[in-house]
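Only one structure is covered here, and it is reproduced in the block below.
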Amino acid sequence: MNRHVCIRCKNISLLKQLQGISYDTMSSISTMRVFKGQTKLTRSCNTSTLSTLCRNSGTRFNINGKQKWTSNSVWSVNGPMLAGQFRTDILPLIGVRQMSTGPDTILPAGQVDKHNGLTVDLGDLFEDCTDIQFNSLLTESLSKWRQEGRSCIWLKVPIHKSAFISTAANNGFLFHHAEHQMSLLKLWLNTSCEDRTPRFATHQIGVSGMVYREETKEILVVKDKNSQFSYWKFPGGLSDLEEDIADTAEREILEETGIKSEFLSILAFRQQHLQPGAFGRSDIFIVCRLKPLTFDIMHCENEISHCKWMSLEELHANTTDISPITHRTCQIMLHGIKHGFDNVDIRFKEMKSVYKGLKYKLYHRPLP
């Protein structure tokens, strides 16, 4: 008994066998279409021959709705007879343990955001998805998303599925960012307006601390061991993700000098574009005022070559071994000591966020 059958196949060996079936070896002819990517080839066979081939190679397919063999190695279809003719309907069965009752030709459902963008996590794809299968799924999905009027598509790609990135790129996707075990790709679909998607992480945040010892009028200074500049400067470093400015200042001072300190205020900050070593990001550098809680120096020998308490007046008078920002912040500190820090301090007030359960710190000059 013959049936009109269509198979979309990822098994190359089986595909070659199916393509090589002869027309004249069968007593009764029906049409079988074999797909690999966009290539369509017409061959004929009867169901017993097809069953044998597919059983030997682990193919999953059905004929007129009846499952003949189960596996996840091949896509399959059924072909109902209509009006005396055979008609083929493609029915992909990707990563499904039982026969699907309907088409499953698009990527896993994603999450729609407030901008009508859609985020799809490729981590939800079945494990043995091939590039060919993914390309077909992506093509069908993009067609559907365009019909739905989506503004932007985001693909979250786990690092173990990075092989799909080139396929996504061939369909117009670009990197938005990548971090640790995941990359995020983006495709702008809204042709009625320009792409206004914000870039990822335009700045990095560096924090340093002026730790002033009132009784001796000294300031804590260091020299970096691995810097190209041999300047005296204030201890500090880059802020960690979700770390408050005050916490960064206290942590970096302790790590570099062994001195425990308490955050008091922000004195100044600067913005630097084209910052070397910032991976193409701009840099915001914040100078804080702190008071020491301990005084014995135990500096980090891996990062710091010199560390000491130095007279604030001496540091300010130095014109060769300090940077312009160090000189200016010394002026700010001296002004605060003489006229009161209410004139220079930028302090914070913890506020309730409009986002439920969250808080933030608002930095500003003290109110009268």
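The values are calculated or read from the model by the stated rules, or taken from the named source; none is laboratory data. These numbers come from a predicted model, not from an experiment. Don't worry about glycine lacking a Cβ; one is built from the backbone with ideal geometry, like all the others, and counts go over all protein chains shown.
Quick one: count up the residues across region 257-293 that are free of Cβ contacts under 8 Å to residues at least 12 places away in the same chain and closer than 16 Å to ILE219 by Cα.
0
Only one of (1) under 30 Å from PHE200 (Cα atoms); (2) loosely packed, with under 12 Cβ neighbours inside 10 Å; (3) in contact (Cβ under 8 Å) with a residue 12 or more places away in the chain is not met by ASP296, so which one is it?
It fails just one condition, (1).
Among what's in region 328-362 and is more than 19 Å from LYS291 (Cα to Cα) and hydroxyl-bearing (Ser, Thr, Tyr), pick the residue that is surrounded by the most Cβ atoms within 10 Å (Cβ to Cβ).
Only one residue tops the list, namely TYR360.
Filtering region 146-164 down to residues that are more than 16 Å from the chain's Cα centre (by Cα) and exposed (fewer than 14 other Cβ atoms within 10 Å of the Cβ), which residue is farthest from THR202 (Cα to Cα)? Give the steps one after another, and end with the answer.
Kept after step one, since they are more than 16 Å from the chain's Cα centre (by Cα), are these residues of region 146-164: 146-151.
Next, from what is left, pick out any that are exposed (fewer than 14 other Cβ atoms within 10 Å of the Cβ): 146-149.
Details: ARG146: 30, GLN147: 33, GLU148: 32, GLY149: 29 Å.
Top of the filtered list is GLN147.
Can you tell me how many residues within region 180-202 are under 18 Å from SER282 (Cα atoms) and either modelled with pLDDT of 95 or more or among the polar types (S, T, N, Q) (or both)?
First, the residues of region 180-202 that are under 18 Å from SER282 (Cα atoms): 198-202.
The next check asks that each one be either modelled with pLDDT of 95 or more or among the polar types (S, T, N, Q) (or both); those that pass are 202.
Residues flagged as under 18 Å from SER282 (Cα atoms) and either modelled with pLDDT of 95 or more or among the polar types (S, T, N, Q) (or both) within region 180-202 amount to 1.
I'm checking my understanding of the structure. Among residues of region 312-327 that are in contact with a Lys or Arg (Cβ under 8 Å, 6 or more places away or on another chain) and surrounded by 14 or more Cβ atoms within 10 Å (Cβ to Cβ), which one is nearest to LYS225 (Cα to Cα)?
Only one residue fits best here, namely ILE322.
Of the conditions (1) polar (S, T, N, Q); (2) at pLDDT below 95; (3) within 23 Å of ASP247 (Cα to Cα), ASN318 clears all except one; give me its number.
(3)
Considering each residue of region 304-329, count those that are under 42 Å from the mean Cα position of the chain (by Cα) and touching a residue at least 60 places away in the same chain (Cβ under 8 Å), and give that number. Don't jump to the end; show me each part of the working.
From region 304-329, those under 42 Å from the mean Cα position of the chain (by Cα) are 304-308, 321-329; that's our starting set.
Filter once more, so that each one left must be touching a residue at least 60 places away in the same chain (Cβ under 8 Å): 304-308, 321-323, 326, 328-329.
Total satisfying the criteria: 11.
How many of the residues making up region 179-231 are aromatic (Phe, Trp, Tyr) and closer than 15 Å to GLU303 by Cβ?
Going through region 179-231, the residues aromatic (Phe, Trp, Tyr) turn out to be 188, 200, 212, 229, 231.
Still in the list and also closer than 15 Å to GLU303 by Cβ: 229, 231.
Residues in region 179-231 being aromatic (Phe, Trp, Tyr) and closer than 15 Å to GLU303 by Cβ: 2 in total.
Which of the residues spanning region 165-181 are surrounded by 16 or more Cβ atoms within 10 Å (Cβ to Cβ) and among the aliphatic types (A, V, I, L, M)?
Within region 165-181, ILE165, ALA168 qualify.
Name the single residue that is nearest to SER323 (Cα to Cα) among those in region 224-249 being of a type in the set (D, E, K, R) and in contact (Cβ under 8 Å) with a residue 40 or more places away in the chain. Talk me through it step by step, then tell me what you get.
Residues of region 224-249 of a type in the set (D, E, K, R): 224-225, 233, 240, 242-244, 247.
Going one step further and asking which of them are in contact (Cβ under 8 Å) with a residue 40 or more places away in the chain, we end up with 224-225, 233, 244.
On the way: ASP224: 13, LYS225: 16, LYS233: 8, ASP244: 26 Å.
My answer is LYS233.
Test GLU252 against the stated conditions and say whether it is among the charged types (D, E, K, R) and touching a residue at least 60 places away in the same chain (Cβ under 8 Å).
Details: among the charged types (D, E, K, R): yes; touching a residue at least 60 places away in the same chain (Cβ under 8 Å): no.
No, not satisfied.
Taking into account only those residues within region 239-257 that are of a type outside the set (D, E, K, R), farther than 15 Å from SER305 by Cβ and out of contact with any helix residue (DSSP H, G or I) (no Cβ under 8 Å at 6 or more places or on another chain), which is surrounded by the fewest Cβ atoms within 10 Å (Cβ to Cβ)?
Taking region 239-257 as the starting set, the residues that turn out to be of a type outside the set (D, E, K, R) are 239, 241, 245-246, 248-249, 253-254, 257.
Pick out the ones that are also farther than 15 Å from SER305 by Cβ and you get 239, 241, 245-246, 248-249, 253-254.
Checking the rest, the ones that are also out of contact with any helix residue (DSSP H, G or I) (no Cβ under 8 Å at 6 or more places or on another chain) come to 241, 245-246, 248-249, 253-254.
Details: LEU241: 5, ILE245: 18, ALA246: 19, THR248: 23, ALA249: 30, ILE253: 28, LEU254: 18.
Among those that are of a type outside the set (D, E, K, R), farther than 15 Å from SER305 by Cβ and out of contact with any helix residue (DSSP H, G or I) (no Cβ under 8 Å at 6 or more places or on another chain), it is LEU241.
Among VAL222, VAL211, which is in contact with a Lys or Arg (Cβ under 8 Å, 6 or more places away or on another chain) and within 16 Å of ILE286 (Cβ to Cβ)? Reasoning before the result, please.
Numbers: VAL222 fails: within 16 Å of ILE286 (Cβ to Cβ).
Answer to the selection: VAL211.
If you take the residues of region 185-214 that are in contact with a Gly (Cβ under 9 Å, 6 or more places away or on another chain) and of a type in the set (A, V, I, L, M), which of them is farthest from PHE341 (Cα to Cα)?
LEU189
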